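Values in this text are rule-based calculations from the coordinates and carry no lab data. Here the structure is a predicted model, which is why all the values come from computation and not from measurement. So basically every Cβ, Gly included, is an ideal-geometry build from the backbone, and we count neighbours across all protein chains shown.
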Number of protein chains: 2
Amino acid sequence: MTTLKELAKLLNISVSTVSKALNDSHEISATTKRRVNELAEKLNYKPNRIAQQLKSNTTKTIGVILPTVTNPFFAEVLHGIETNATKNKYDIIVCLSDESLTKEQRSLELLSNGSVDGFIIAVARESQVLEQTAHINTVINNKIPVLMFDRVVNEITCDKVVVDDFQSVFEATEYLIKTEQRKHILLVSNIEELSVGKLRIKGYQKSIEDANLKSNVLKLSKVDDVEKHIYNYLQDNPETDAIVSIDHITGIIAINMAKKTGKNIPKDISVIGFGYEHTQLLSSPKISIVHQKAYEIGEMSVKLLIDNLKSEDHKVKTIVVPSELKLGESTK
Amino acid sequence: MTTLKELAKLLNISVSTVSKALNDSHEISATTKRRVNELAEKLNYKPNRIAQQLKSNTTKTIGVILPTVTNPFFAEVLHGIETNATKNKYDIIVCLSDESLTKEQRSLELLSNGSVDGFIIAVARESQVLEQTAHINTVINNKIPVLMFDRVVNEITCDKVVVDDFQSVFEATEYLIKTEQRKHILLVSNIEELSVGKLRIKGYQKSIEDANLKSNVLKLSKVDDVEKHIYNYLQDNPETDAIVSIDHITGIIAINMAKKTGKNIPKDISVIGFGYEHTQLLSSPKISIVHQKAYEIGEMSVKLLIDNLKSEDHKVKTIVVPSELKLGESTK
DNA sequence: TTGTAGGCGTTATCAA
DNA sequence: TTGATAACGCCTACAA
């Protein structure tokens, strides 16, 4: 890689002159600037990023710590993060915790050595279940800004970007009750132990209670054969006329199983699931979904974190990104 | 952040002594080492990564450039890359090209300033279709190692990790012909313009030719309503008794559509798609898939790139990661 | 056993 | 208008 020193030597001028010329300083004459720029162009000079980082004590890099990226929600959030970071001339270093507390701790620890200016994190399932989150506070105490999204720890004070988990499921359920007159609504879930899962279930229950209906929750996260469990439930409870799934998997399975029991969708049973971009393609009829604005969550997270990085007196915020009920063909 | 200088000052010794003590140099006395280590521990000292990078002229960071991460194949490859990179104490900077040539060029350009030691890249759809790949050679000419995976440019000389696209579809088709005695096999695709898509279609065609059957290819990548196209085809060609999908979407849609036309799967029609971890969950009956070892592709890519980074006289290799036919319930 | 000095590539201050 | 120098934080050859 070409350096300032090399350019200086070739042009017989000093390093600092070259530096100033390249940065278009008013101190430098037009001719010198021209000479310098021409050579720099020719040798494809690019200022060494590492040196700039050392000098400026800032990396323009964000550490992004995700539980997984095979879950389409996090994939789409990452998409939003990457796009918006790039737009703001930030790079992202991505670490996957694989839902493991240890990996999450290690990643945070490893990047807290000047590698990044700040973190965007969705905490691992294990960290959330065990309520072990001291490592996050450690980072914050080291004055490295942290933004948490989706899976959030209430006890930690930092910027947060969350989904309207309670409200969205409340409304989805209410839609089934009020608009579709459904009376026997099942909730299926494979994420009931997560903060977001709990909130979504509460939204369902509130709506059910308001209508004096019976709550039916099928928890599947520790179960092998999800298909079979849903199928059996539907066989045993043939009065079921609607299903709400609070994740991006069980809704589609529920559609398949309901069809298998001979029910017509949406005539006999309505189904509302959670989903993102392509989810609807994969079911027939196309599943109605609570569409979480995953991309926007990523975008907002970057925006808020960069705000924090740039301003001296940043005050902590929590932003709620509202979801949208996107009706497909699995509701009437 | 605590620095060597600060430690030195507090202990009234020189910076180099501190440095050596922390690196457990034999030059330093046990007592000094203890004093230094204790204080370092107490102040949570961590060597500044940027300074180390500048000093060593190596970043221990890999630039990963992916077309997208919402496609589960790339998500799983990323998983493999991240895990193996971390294991080898490398970070990854992730850029998404969004299938755009321009974004891909920009990302490569931007990171070619010392930010990374090497690249892992799957070229964007646009770059591949337009056959514009000079930017990749530029990087290689700058002596930054590049590894390409999956979507590969034959004209470029560098390490490659690819899937056995031709062979896997050849075998899947052969399975339908020889084991299941299928005679009217349809291939559906939404990626026929990609190098991998072309190879997969060739594998299908070879197998079909070998058996003296008729080739039927349904190209859907520029089509709005994939469901409808598949449904119509099945209506118009009721003799169809097997479907091969060469992507991770159209196989599941084909199952749904075949069911819709009243066919029984796998009795009347067999379906084999492409897929990864969770794909099989989303269809009923569970789809049989060509399982690309996406995670392994990521792992191998990192391994090969790091080999290249470490050895002086690295010779260029292409590694083929074989896929596996994973029979589900959509074949007999 | 400890310390001094120089350098990685850049930028900024100050002097010429 | 240009150049010398110092500094960012770390490491290391060499001197003490």
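Side notes on the structure shown:
- The condition of being surrounded by fewer than 22 Cβ atoms within 10 Å (Cβ to Cβ) and outside any helix (DSSP H, G or I) holds for only one of B:144, B:92, B:140, B:177, that being B:144.
- Qualifying residue in region A:105-120 (condition: touching a Pro at 6+ places or on another chain (Cβ under 7 Å) and not hydrophobic (A, V, I, L, M, F, W, C)): yes
- Residue check, residue B:101 surrounded by 22 or more Cβ atoms within 10 Å (Cβ to Cβ) and under 20 Å from the mean Cα position of the chain (by Cα): no
- Screening region B:255-309 for residues that are among the hydroxyl-bearing types (Ser, Thr, Tyr) and within 13 Å of chain A (Cβ to nearest Cβ) and picking the one that is surrounded by the most Cβ atoms within 10 Å (Cβ to Cβ) gives B:283.
- Scanning region B:95-113 for residues that are more than 10 Å from chain A (Cβ to nearest Cβ), in a helix (DSSP H, G or I) and farther than 21 Å from residue B:143 by Cα gives B:101, B:102.
- Pairs, first within 14 Å of chain A (Cβ to nearest Cβ) in region B:1-23, second of a type in the set (Val, Ile, Thr) and more than 8 Å from DNA strand D (Cβ to nearest atom), C-beta under 6 Å, six or more apart: B:4/B:18
- If the condition is being closer than 23 Å to residue A:252 by Cα and assigned to a loop (DSSP other than H, G, I, E, B), then region B:221-266 contributes B:224, B:225, B:246, B:247, B:248, B:249, B:261, B:262, B:263, B:264, B:265, B:266.
- All of B:24, B:117, B:98 fail the test of being closer than 30 Å to residue B:321 by Cα and within 15 Å of DNA strand C (Cβ to nearest atom), apart from B:117.
- Taking each residue of region B:31-48 that is charged (D, E, K, R) and looking for partners that are within 15 Å of DNA strand C (Cβ to nearest atom) and outside any helix (DSSP H, G or I) with beta-carbon atoms closer than 9 Å, six or more apart or interchain, yields B:33/B:24; B:33/B:25; B:35/B:13; B:46/A:114.
- Condition check for residue B:62: outside any helix (DSSP H, G or I), among the aliphatic types (A, V, I, L, M) and either exposed (fewer than 14 other Cβ atoms within 10 Å of the Cβ) or away from DNA strand D (no atom under 12 Å from the Cβ) (or both): yes
- Looking across region B:196-211, the residues that are basic (Lys, Arg) and either touching a helix residue (DSSP H, G or I) at 6+ places or on another chain (Cβ under 7 Å) or within 16 Å of residue B:321 (Cα to Cα) (or both) come down to B:200, B:202, B:206.
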